1. Can you pull out the helices (runs of 4 or more DSSP H) entirely within segment 95-176 that have at least 2 residues that are among the β-branched types (V, I, T) and either under 16 Å from the mean Cα position of the chain (by Cα) or surrounded by 15 or more Cβ atoms within 10 Å (Cβ to Cβ) (or both)?
2. Restricting to segment 231-278, count the residues that are without any contact (Cβ under 8 Å) to a residue 60 or more places away in the chain, out of contact with any Lys or Arg (no Cβ under 8 Å at 6 or more places or on another chain) and not in a helix (DSSP H, G or I).
3. In segment 211-249, which residue that is among the aromatic types (F, W, Y) and surrounded by fewer than 20 Cβ atoms within 10 Å (Cβ to Cβ) is modelled with the lowest pLDDT?
4. List every residue pair whose Cβ atoms lie under 9 Å apart, where the two residues are 6 or more positions apart in sequence or sit on different chains, the first residue falls within segment 190-207 and is over 16 Å from W249 (Cβ atoms), and the second residue, located anywhere, is outside any strand (DSSP E or B) and of a type in the set (F, W, Y).
5. Scan segment 9-22 residue by residue and report those that are modelled with pLDDT of 95 or more, in contact with a Leu (Cβ under 9 Å, 6 or more places away or on another chain) and hydrophobic (A, V, I, L, M, F, W, C).
6. Taking the residues in segment 161-201 that are touching a Gly at 6+ places or on another chain (Cβ under 9 Å) and at pLDDT 95 or above as candidates, determine which candidate is nearest to I32 (Cα to Cα).
7. Checking M62 against (1) surrounded by 22 or more Cβ atoms within 10 Å (Cβ to Cβ); (2) of a type outside the set (S, T, N, Q); (3) touching a residue at least 60 places away in the same chain (Cβ under 8 Å); (4) touching a helix residue (DSSP H, G or I) at 6+ places or on another chain (Cβ under 7 Å), only one condition comes out false. Which one?
8. On the given criteria, is I178 within 17 Å of L150 (Cα to Cα) and β-branched (V, I, T)?
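The values are calculated or read from the model by the stated rules, or taken from the named source; none is laboratory data. In this text, all values refer to a predicted model and were calculated from it rather than measured experimentally. Cβ sites come from the backbone with ideal geometry, for glycine too, and all protein chains shown count toward neighbours.
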Amino acid sequence: MKLSVCTISFRHHLYSLDEIARWAKQQGFHGIELWGIHAKNIEEHSYYGKEWLHSLGLETSMLSDYLPLDAPIPVLREQMQRLSSLAKHWGTKKIRVFSGQKGSAEYSNLERIELVTRLKLLCKMAESEGQQLLLETHPNTFTDHPKSTLELLLETNHPNLRINFDVLHVWESGANPIDAFQLLYRYISHFHFKNISSRLELGVFSPDNVYRPSGNRKGMVSIFEGEVDYRAFLKAASNKMDIEASLEWFGSNPKEILKQDLRECHGLAREVFVESKN
């Protein structure tokens, strides 16, 4: 199990990328998932990149950003080219984006066709650079449910279109995460792990709240303490594939929580390994 720390977890904390990376290595993380805003803000400092990260014994697992899928095509191309360049500079093949800004049920047939057309364009651009475009399973996007996610993958029909499987958001859709994994695992390139104390608190993950420094953090919990059963999920997923995931924390005390989650994930991985040998 390869686990990364998300730099977005430190978006409201005064830590440099140097500090985050060195701390991640000390704790035993395999790499970092680099938030696109962070990558863009240090773009002019060419010292920072894959060689620097490799010198610390880390890698960039994924570049996570956002693309305006409804923008004019030249604008969309330009922004994709920038993300592709940043991903190459940081040595990752994975570029995470979202599939629009509204739920799958809200799309008209024409809008759906246009979305697929644009995804095909972006996938061809990613393919030319040896990269993958990962759509995150997320509410208020087309990939808001496992079934709509699979439909979009099949309609786009491009090998470079992949999935960042956010376990909590899949559960939020009403689907069973293990069943959803079985449906989609052939398309999964990465996972996000986070949890919640109650379904009633899911609003804390809305963008308007989560990106606001003074936003509500009630209900955010360690991944093994919440409503989603990560022990069962990780055991099932580990039997199908090698897991590459990021621990995504939006609450306070990120170092303490991420350290705890990392330790418990590694403990579970050892447990699964021993069981597989017996």
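1. Details: elements: 109-128, 146-156, 167-172.
Filter on segment 95-176 gives 146-156, 167-172.
2. 5
3. Residues of segment 211-249 that are among the aromatic types (F, W, Y), as a first pass: 211, 224, 230, 233, 249.
Among the residues that remain, those that are also surrounded by fewer than 20 Cβ atoms within 10 Å (Cβ to Cβ) are: 211, 224.
Working: Y211: 83, F224: 96.
Taking the candidates together, the pick is Y211.
4. Filtered contacts from segment 190-207: R199/W171.
5. Within segment 9-22, just A21 meets the criteria.
6. Keep residues of segment 161-201 that are touching a Gly at 6+ places or on another chain (Cβ under 9 Å), which gives 168, 194-198, 200-201.
From what is left, the residues that are at pLDDT 95 or above are 168, 194-198.
Working: L168: 20, K194: 16, N195: 20, I196: 23, S197: 26, S198: 28 Å.
Residue satisfying both the conditions and the ranking: K194.
7. (4)
8. Working: within 17 Å of L150 (Cα to Cα): yes; β-branched (V, I, T): yes.
Here the answer is yes, as I178 does meet what is asked.
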